[in-house]
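Student: Take this structure first; my questions come after.
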Amino acid sequence: MAETRQLGLLTYLALATRNLSRNRRRTTITLLTMIFGIATLTLLSALNDGWLNQMKTNFILSYTGHLQIHAKGFEASQNLHDRITEPEEISRLMQSYPEIIGWTQRIRTSGLASAGGGSAGIQIMATDPEQETWVTSMNQDVKEGGWLRPGMTRDLLLGRTVARNLGAALGDRIILMAQRLNGEMTSEVFHLQGILETGAPQIDRTLALITLNNAQHWLQMDQTVTDIVIRADTHDNTDVLFRLFTQQLSGLKYEIMPWQELDPMVRQWLEFSDAYGLVILFVVIILVLAEILNTMLISLHERQKELGVIVAIGTKRRQIFLMLLLEAVMLIFLGAILGYLAGSLLVYSLADSGIDLTRFANAFEFFYMDPVIHPQLTRNSAMKILGATLAAALLAGIYPAWKATRLPLSQALRIQ
Amino acid sequence: MLDQTPTSIIKARDLHKCYWVGTMPFPALHGINLDIEPGEFTVLAGRSGSGKSTLLNLIGALESADSGSIEVLGENILAMNQDQRTRFRLQNIGFVFQAYNLIRVFSARENVAYVCQLQGKGKKESMEIANHWLGEVEIGHLGYRRPDQLSGGQQQRVAVARALASEPKIILADEPTANLDSMTGRHLIHLMQDLNRRLGTTFLISSHDPDVKQAAGRLIKLADGQIVDAWDSIPKPPISLASACPVGNLPLTERLRNYFREMRNKVRNKKRHGNTRRHS
């Protein structure tokens, strides 16, 4: 007995296309529903990616950079003894990586600020004023006065809230108190050169910024520092640089921390946003799946007799399965591509102007967000949407296709 | 192995089949014994519910019997699994159904070519075969049309061409003329008879159409799931299309209808000629 073979793909495609076009109104309605769903999903996803990216950028540029290198244990101890003793060696390493667009050395320690009759706990941060401008945007956050002048100046910048708590104004003498490397308490007089407003409450509430040279002299740190802060050319290259530095500096006494590890709250918020994006993706895909499943089941019900005949004349049940599966996949894929295109057009039309949410600006500041959200299409989201749609297509197609293979032949043929 | 005459192409022994609706049994076949020889043109006759279609379905491996045995072309089809039955049907049996049952989204040619493609033939070869068989059933010029663009008789011819395209040994036709008017039905039967004679394909047809019964080489009558009568007809020439409908043989109602149609045409012609004269 001769073996039957698989039908050619073109025959399957022809059957699927023509079956989809046999009830044009139903197919069109299903497609429109899908296009609307996927376009909405694309826009929501782009908004999510847009504000997440803004949030990352604002967070990284406001203070932390993409990566920080510390002496091992410094982030936990915040003790000046855990310091980088040969920062120049690490700085030289930076020059070999084109992914790095800037780096700076810093000293960080906690202390006390006093002015007039008030005092407040502060985070003292000393940096190179020129190098810092390559890494963060703190110089642009100076709302009153000016940025730090390089050299051995007594310039001091305070966060807006610290300055208000101290009752300090520009030009005032501020006394900072901190512990030297040898453990002695020491105090120094600085002049309030400017007031910073980063928009991040925890920074504005505690930051006292002075020059690195001054701090090294004042705290008797010589040429040592506590942080080396790096800015990468793109957010995605953070991981690349993290791996490179981990390899290069492994075995040495350093800890390399990407920005996500430096502020657990921001990391949690980003993870939550990712999860929220996935929930939206899941809900939309479930709705699309239900729509397609409904369409396919109605179509199957209408074609029971024809499917019975096709089996009777020699089509194998697995060929029937493939035919119906292909119909669902074609329908969903067409809807997904058109929906994604429609969504992309929407995103591009909003990309420049953005969506203005200035009314809620106060709430957004806390999360390093800008009041105008610019939607952004990312490859990752596109893959997620199209991947989830394909998975939905298979799921929506498998059940009706399987059901079709279970049709009792004699009953199907008797349908009038 | 069943005791079979060497020439039998279909051999059924003690076939029983019962359908169940809930707990209610509906017996369809009661101990059917049947032998069909190659090249026969056999008609299963009987009233609705007599078991004709069930017997065809069992022989066509479309459903299973409760007990008994069926050998078709020497193969015990009741022992086959679903895939084996599908393959067996594709290679050996052609089906013609009462309601034509063509694939709506395919053209007539594609409907016929489809079975060839299922057999593994290439698209071009399948289309050529389809053209040949559509020519055989005298609708070669309508191959591009879809089923909804064909008359009932034309659709049934496509179904016959589809049944023949896989070059089966047996064609099972379930009430093939039931949805056709009597003239078209006679044409179809004539065509099937002709194919039977020329190709030697075995035809097993269920019908209660008197014209089909008249054309049978062998007539088997079923009642209540049993064979109650069977006889070989006297050999006779196939129904001639020229003589299939001599006016004298038409039933009274059709003769009256024709008479009134002629009268109406005469009146219309008369009116038309009268109007033409007035205008001139």
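The values are calculated or read from the model by the stated rules, or taken from the named source; none is laboratory data. Everything numeric here is computed off the predicted structure, so don't read it as measured data. Note that we place each Cβ from the backbone using ideal geometry, even for glycine, and neighbour counts take in every protein chain shown.
Student: Just to verify a result, which residue in the stretch A:73-106, among those that are hydroxyl-bearing (Ser, Thr, Tyr) and more than 22 Å from A:Ala208 (Cα to Cα), is farthest from the chain's Cα centre (by Cα)?
Tutor: Going through the stretch A:73-106, the residues hydroxyl-bearing (Ser, Thr, Tyr) turn out to be A:77, A:85, A:91, A:96-97, A:104.
Of the ones still in play, those that are also more than 22 Å from A:Ala208 (Cα to Cα) are A:85, A:91, A:96-97.
On the way: A:Thr85: 34, A:Ser91: 28, A:Ser96: 27, A:Tyr97: 23 Å.
My answer is A:Thr85.
Student: Taking the stretch A:10-25, which residues are within 7 Å of another protein chain (Cβ to nearest Cβ) and within 16 Å of A:Leu297 (Cα to Cα)?
Tutor: A:Asn19, A:Arg22
Student: Moving on. Hey, could you check the stretch B:30-51 for residues that are within 14 Å of another protein chain (Cβ to nearest Cβ) and not polar (S, T, N, Q) and say which is farthest from B:Leu204 (Cα to Cα)? Steps first, please.
Tutor: In the first step, residues of the stretch B:30-51 are kept if they are within 14 Å of another protein chain (Cβ to nearest Cβ); the result is B:48-49, B:51.
This time we only want the ones that are not polar (S, T, N, Q), so: B:49, B:51.
Numbers: B:Gly49: 18, B:Gly51: 14 Å.
This residue is B:Gly49.
Student: For the stretch B:52-73, which positions are within 9 Å of chain A (Cβ to nearest Cβ) and among the charged types (D, E, K, R)?
Tutor: Within the stretch B:52-73, B:Glu63 is the sole residue that qualifies.
Student: Right, A:Arg243: out of contact with any helix residue (DSSP H, G or I) (no Cβ under 7 Å at 6 or more places or on another chain), of a type in the set (Lys, Arg) and not assigned by TED's automatic domain parsing to the domain that holds A:Gly73 or not?
Tutor: Answer is yes for this residue.
Student: Kindly indicate which of A:Gly199, A:Gly183 is under 39 Å from the mean Cα position of the chain (by Cα) and among the small types (Gly, Ala, Ser).
Tutor: Numbers: A:Gly183 fails: under 39 Å from the mean Cα position of the chain (by Cα).
Just one listed residue meets the conditions, A:Gly199.
Student: Filter the stretch B:183-210 down to the residues that are more than 23 Å from B:Leu222 (Cβ to Cβ) and without any contact (Cβ under 8 Å) to a residue 40 or more places away in the chain and list them by number.
Tutor: Scanning the stretch B:183-210 gives B:Thr184, B:Arg198, B:Leu199.
Student: Among the residues that make up the stretch A:124-142, is at least one of them over 24 Å from A:Ile228 (Cβ atoms), over 28 Å from the mean Cα position of the chain (by Cα) and in a strand (DSSP E or B)?
Tutor: Checked against the condition, which is being over 24 Å from A:Ile228 (Cβ atoms), over 28 Å from the mean Cα position of the chain (by Cα) and in a strand (DSSP E or B), the stretch A:124-142 yields no hits at all.
Student: Also: Hey, among the residues in the stretch A:47-85 that are surrounded by fewer than 17 Cβ atoms within 10 Å (Cβ to Cβ) and closer than 26 Å to A:Glu197 by Cβ, which one's modelled with the highest pLDDT? Write out each step before concluding.
Tutor: Taking the stretch A:47-85 as the starting set, the residues that turn out to be surrounded by fewer than 17 Cβ atoms within 10 Å (Cβ to Cβ) are A:53, A:57, A:72-73, A:76-79, A:81, A:85.
Right, trim to closer than 26 Å to A:Glu197 by Cβ and you get A:53, A:57, A:78.
Values: A:Asn53: 82, A:Thr57: 83, A:Gln78: 86.
Looking at residues that are surrounded by fewer than 17 Cβ atoms within 10 Å (Cβ to Cβ) and closer than 26 Å to A:Glu197 by Cβ, I get A:Gln78.
Student: Separate question: Can you tell me which residue within the stretch B:93-142, out of those that are farther than 27 Å from A:Ile415 by Cβ and small (Gly, Ala, Ser), is surrounded by the most Cβ atoms within 10 Å (Cβ to Cβ)?
Tutor: B:Ser126
Student: Tell me, which residue of the stretch B:143-191 that is in contact with a Phe, Trp or Tyr (Cβ under 6 Å, 6 or more places away or on another chain) and not small (Gly, Ala, Ser) is surrounded by the most Cβ atoms within 10 Å (Cβ to Cβ)?
Tutor: B:Gln156
Every residue, every condition in (1) among the charged types (D, E, K, R); (2) under 23 Å from B:Leu222 (Cα atoms); (3) without any contact (Cβ under 8 Å) to a residue 60 or more places away in the chain, yes or no:
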position	(1), (2), (3)
B:Lys11	yes, yes, no
B:Lys17	yes, yes, no
B:Ile59	no, yes, no
B:Glu63	yes, yes, yes
B:Ile77	no, yes, yes
B:Asn92	no, no, no
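Student: When you check A:Gly277 against the structure, is it modelled with pLDDT under 85 and not in a helix (DSSP H, G or I), yes or no? I'd like the intermediate steps shown before the answer.
Tutor: Values: modelled with pLDDT under 85: yes; not in a helix (DSSP H, G or I): no.
No.
Student: When the stretch B:113-143 is examined, which residues are found to be farther than 18 Å from A:Leu10 by Cα and either within 12 Å of chain A (Cβ to nearest Cβ) or not hydrophobic (A, V, I, L, M, F, W, C) (or both)?
Tutor: Selection gives B:Asn131, B:His132, B:Gly135, B:Glu136, B:Glu138, B:Gly140, B:His141, B:Gly143.
Student: Right, another one. Looking only at the stretch A:226-248, how many residues end up being surrounded by fewer than 16 Cβ atoms within 10 Å (Cβ to Cβ) and outside any helix (DSSP H, G or I)?
Tutor: Residues meeting the conditions: 4.
Student: Do we have B:Ala28 as out of contact with any Leu (no Cβ under 6 Å at 6 or more places or on another chain) and in contact (Cβ under 8 Å) with a residue 24 or more places away in the chain here?
Tutor: Values: out of contact with any Leu (no Cβ under 6 Å at 6 or more places or on another chain): yes; in contact (Cβ under 8 Å) with a residue 24 or more places away in the chain: yes.
The answer is yes for B:Ala28.
Student: Restricting attention to the stretch A:176-204, which residues are over 24 Å from A:Arg83 (Cα atoms), surrounded by 14 or more Cβ atoms within 10 Å (Cβ to Cβ) and of a type in the set (A, V, I, L, M)?
Tutor: Within the stretch A:176-204, A:Leu192, A:Ile195, A:Leu196, A:Ala200 qualify.
Student: Identify all residues within the stretch B:97-112 that are at pLDDT 90 or above and more than 9 Å from chain A (Cβ to nearest Cβ); write none if there are none.
Tutor: Within the stretch B:97-112, B:Ser107, B:Ala108, B:Arg109, B:Asn111, B:Val112 qualify.
Student: Let me ask something additional. Across the stretch A:155-192, which residue is farthest from A:Thr109 (Cα to Cα) among those that are in contact (Cβ under 8 Å) with a residue 12 or more places away in the chain and acidic (Asp, Glu)? First the steps, then the outcome.
Tutor: Initial filter on the stretch A:155-192 (in contact (Cβ under 8 Å) with a residue 12 or more places away in the chain): A:155-163, A:165-182, A:186-192.
Then drop every residue that is not acidic (Asp, Glu), which leaves A:155, A:172, A:188.
Numbers: A:Asp155: 17, A:Asp172: 22, A:Glu188: 14 Å.
Out of the qualifying residues, it is A:Asp172.
Student: Looking only at the stretch A:301-336, count every residue that is more than 8 Å from chain B (Cβ to nearest Cβ), out of contact with any Ser or Thr (no Cβ under 8 Å at 6 or more places or on another chain) and among the β-branched types (Val, Ile, Thr) and tell me the total.
Tutor: So the answer is 1.
Student: May I pose another question? Hey, can you tell me all the residues within the stretch B:74-91 that are more than 8 Å from chain A (Cβ to nearest Cβ) and not β-branched (Val, Ile, Thr)? Spell out the reasoning first.
Tutor: Start the filter on the stretch B:74-91 by keeping residues that are more than 8 Å from chain A (Cβ to nearest Cβ), which leaves B:74-81, B:84-85.
Of everything in the stretch B:74-91, those that are more than 8 Å from chain A (Cβ to nearest Cβ) and not β-branched (Val, Ile, Thr) turn out to be B:Gly74, B:Glu75, B:Asn76, B:Leu78, B:Ala79, B:Met80, B:Asn81, B:Gln84, B:Arg85.
Student: Filter the stretch A:249-268 for residues that are part of a helix (DSSP H, G or I) and buried (at least 17 other Cβ atoms within 10 Å of the Cβ) and give the result.
Tutor: Going through the stretch A:249-268, the residues part of a helix (DSSP H, G or I) turn out to be A:259-262, A:264-268.
A:Trp259, A:Gln260, A:Leu262, A:Val266, listed by residue number.
Student: Name every residue in the stretch A:371-414 that is in contact with a Ser or Thr (Cβ under 9 Å, 6 or more places away or on another chain) and in a loop (DSSP other than H, G, I, E, B), in order of residue number.
Tutor: Correct list: A:Pro371, A:His374, A:Pro375, A:Leu377, A:Thr378.
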